[in-house]
Amino acid sequence: METIGVDLGNCNIKTSKGIIVPSLITRGENYLISTGYQLEFNNEILIIGEGDYDTNLDKISKENLLPMLCLALGLSTKEEFIRIVLGLPINQYRSKKDKMIEVIEDNKILNFKLNGIERTIYIEDAAIFPEGVATYYSLGVDKRRELIEKDLIVLDIGGRTTDIALLKAGKKRSVAKSTSLDVGMINIYNDMINEINSLYTLGLNIEDAEGIIKNGLEVDGEKKDTTFIKNIIRNNIEKVFKELNISYPVRTSPILVTGGGGRSFFKSIKKRYPSAQIIEDNLFSNALGYKKVGEKLWRD
C-alpha cells in the first residue's frame, strides 16, 4: 500500500510525490477566473493556490486543514487506499500529536471533488512526526552514514515557524533538545507589508510581499526604495542566530538547513556558521522524511 508524506506548510502544501501548491485559499463565491485548484468539500467550494494565507500557528485549529489534505492527496495519488504521515512543529508535537491523529481518525474517508472530478480516498493508517526532525530521515544512506558519529543540528525555517533540533549521534537518533521560534517567511512578509503600508499610506496585503521582493515596489508610477527590507530580514534571522548561539553546540556540530526560508537565508547562515549545509530537496525534505518514517513503521 502506498505511503505518502504530507507537509501542510504555512506557505506551501508539499508531498513526497513532488506536489507543491501555495497554501492560499479563497472561498468559492469570491472568485471569477482562477488559476488555483477547485476543491468541493463538505458542500463548500474552495479555490486552493490563490487567495489568503491561514496564519494560525496551531495547525490542528486551522480551518482549512482537511480541504488542504484532500488537495494534497488528490494530486499525489490515484489510489483509493493509502497510508499517510503528517507533521507538527516541534513545540506542538508532544501536546498535539494525539489530537491530530484523532482528527484524521474521524475523517478516514475523504469524499471530495477536485477540479470537478469526484474522489474518495480511504486513509488506512496515519502517523504524526515532528517537523525538522523528519529532514534527517530524508537524507540518503551514504549521507547518514557519513554523519552517524556526529551530533547534528537541524534548522528548519518555514512559513510561520523556525524549528531547531539537536539530534544525538548514533544509528538511532534521539532529540536531545528542540526549539520552535515564531520566525518564518510569513512573519517577514507581514513586517514588510506593515512598514510599506505605513510609509506610503497603502492597503497592501501579506500576499503582495513576495512580488515586491522579486520585482520591487512601484507607487503612483514611481519606483520606491525598498532597502529597508534588508533590515526587516536581518532582525528576524538574528532571533534565530541568537537561539542557536545560546542553546546549541554550533561550533562543534554540523547544521543541516532546510525549509523555504532556509534556502532564502542560507548565505547569511553559512557566513555565520561555516559548518552549515543546505539540504538538497529543502522544500520537500520534511515530506520525504515523513514517507520514509511511514515505510519503516508499516513494513508489510
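The values are calculated or read from the model by the stated rules, or taken from the named source; none is laboratory data. All figures in this text were calculated on a predicted structure; none of them were measured in a lab. Heads up, the Cβs are rebuilt from the backbone with ideal geometry, glycines too, and the neighbour counts pull from every protein chain shown.
Just a few scattered comments:
- In this structure, residue 230 does not qualify as over 23 Å from residue 282 (Cβ atoms) and either outside any helix (DSSP H, G or I) or out of contact with any strand residue (DSSP E or B) (no Cβ under 7 Å at 6 or more places or on another chain) (or both).
- Test: residue in the range 188-205 that is closer than 23 Å to residue 137 by Cβ and not aliphatic (A, V, I, L, M): no
- Scanning the range 266-300 for residues that are in a loop (DSSP other than H, G, I, E, B) and either buried (at least 22 other Cβ atoms within 10 Å of the Cβ) or of a type in the set (Lys, Arg) (or both) yields 279, 282, 284, 299.
- Residue 244 vs. criteria part of a helix (DSSP H, G or I), outside the structural domain of residue 11 (by the TED database) and modelled with pLDDT of 95 or more: yes
- Qualifying strands (runs of 3 or more DSSP E) (wholly inside the range 1-104; at least 3 residues being at positive phi, touching a strand residue (DSSP E or B) at 6+ places or on another chain (Cβ under 8 Å) and surrounded by fewer than 21 Cβ atoms within 10 Å (Cβ to Cβ)): none
- Qualifying residue in the range 135-145 (condition: in contact with a strand residue (DSSP E or B) (Cβ under 7 Å, 6 or more places away or on another chain), touching a residue at least 60 places away in the same chain (Cβ under 8 Å) and assigned to a helix (DSSP H, G or I)): yes
- Residue list for the range 75-84, filter: more than 18 Å from residue 62 (Cβ to Cβ) and either free of Cβ contacts under 8 Å to residues at least 60 places away in the same chain or not acidic (Asp, Glu) (or both): 75, 76, 77, 78, 80, 81, 82, 83
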